[in-house]
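Read-outs: derived from the displayed coordinates by stated rules, not from any lab. Predicted model only: the values in this text are computed from it and were never measured. Cβ sites come from the backbone with ideal geometry, for glycine too, and all protein chains shown count toward neighbours.
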Amino acid sequence: MRYRAALIVIAAPLFASTAHAETRVEDPYAVKSGYMQFFATAMGGVGFRFNNPYRLSTPLGSDAESVSRTSSYLDLGVASTFFGHPLGFQHGISLRMSVALEGVNQLVVAPSYLLWRRKGAWAGYGRAGFGIVTAPDLTWGLEAAGGAAWFFTGGVGVVAEIVGSVFYGVGTTDVATATYPVLAGQLGLMGSYEVLP
């Protein structure tokens, strides 16, 4: 009987530690793999063209060589972040398509890298990539942008963006290859959808 009591005293802590290990609560803030976000944007914008070799009809200064206004345009985009900390900086890709709403029919497609950070109702992001003009003539350029969004619901918000780009075009009598630096601003709506692991 004495030996049985001794065995119970020795074994009891072992069973207690095993039960405690089985009921251990998982950390709710632990980073899990598989977290993703998807975005859709619809914005309208207009820009300033800092080179006007063809003397386009929208100069803002006193002569035809002044800074000119670009056509107003509609910008539609989709994006996704698929790695990075859910509560910190996230990384992904973005694809934008811009369509001119006046003047020459022009279509620009811009695939780019996306850096995203959201805190509460506010979010900020940056993107950098290529701009490919598919119409009226095929050409390309470099594009970088920064933006901010305020979400008035969990997944829908207002977004504003500043875009800087340089495009290459057909040469003129003065230069072999014309370049078009453009600074544009755009405003619209953003939708966000989270995929939880």
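Below are the figures for this structure:
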| item | result |
| --- | --- |
| Ranked list, fewest to most other Cβ atoms within 10 Å of each Cβ, for Y113, Y35, Y73, Y125 | Y113, Y35, Y73, Y125 |
| Positive minus negative residues near Q90 (Lys, Arg vs Asp, Glu; Cβ under 10 Å) | +2 |
| Ranked list, fewest to most other Cβ atoms within 10 Å of each Cβ, for R69, R127 | R69, R127 |
| The range 83-98 - phi-based ³J(HN,Hα) in whole Hz, Karplus 6.51/-1.76/1.60, Gly and Pro as x | 8, x, 6, x, 9, x, 7, 10, 10, x, 10, 9, 9, 10, 9, 10 |
| Calculated over the range 36-195: convex hull of Cα atoms, volume per residue (Å³) | 103 |
| ³J(HN,Hα), Karplus 6.51/-1.76/1.60, whole Hz, each residue of the range 137-145, x for Gly, Pro | 10, 7, 7, 8, x, 10, 9, 9, 8 |
| For L189, L196, L115, order by how many other beta-carbon atoms lie within 10 Å, fewest first | L196, L189, L115 |
